[in-house]
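Following: one structure in structure tokens, then a few remarks.
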Amino acid sequence: HVAAIPVHLPTGSLEVDLSWAISGARDLAGYNVYRSERPGKRGARLNRQVLASTAFRDTTVAAGHVYYYSVTSVDLAGRESAPSAPVAVKVPKPGPGSS
């Protein structure tokens, strides 16, 4: 299960903080995070290197957009699991007084 929280930083920039449960695989190398703007599509991988931790910060989001995130695990042989169930996140537009 992937948790995703949109965050408005004091600088005015936006990000989505993601976290997920640890895989129990003994030969785990890490994780990949994918983002799509269409439900049912895996979309593009956001991380360049396989992630060792169970958290990721997406700093390339735009206000008013809905994103669908999923996570895969990767084993030491480079095999990737099926993606997690996608989680949808709507990045809110800044409201009055939120500057």
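The values are calculated or read from the model by the stated rules, or taken from the named source; none is laboratory data. Keep in mind that this is a model prediction, so the values were computed, not measured. Cβ placement follows ideal geometry from the backbone for every residue including glycine, while neighbour counts extend to all protein chains displayed. We work out accessible area using only protein heavy atoms, side chains counted, and drop any ligands, DNA or RNA first. Shrake-Rupley method; radii C 1.70, N 1.55, O 1.52, S 1.80 Å.
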Solvent-accessible area per residue, Å², over the chain with all protein chains present [probe radius 1.4 Å]: 63
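At a 1.4 Å probe radius, carbon and sulfur cover how many percent of the accessible area of the chain?
54
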Equivalent ellipsoid, the chain (semi-axes from 5 times Cα gyration tensor eigenvalues, Å): 28, 13, 10
Among 65-74, 11-20, 39-48, the order from most to least packed when residues are scored by Cβ within 10 Å on average: 65-74, 11-20, 39-48
The stretch 25-36 - phi-based ³J(HN,Hα) in whole Hz, Karplus 6.51/-1.76/1.60, Gly and Pro as x: 5, 6, 9, 5, 9, x, 9, 10, 10, 10, 9, 9
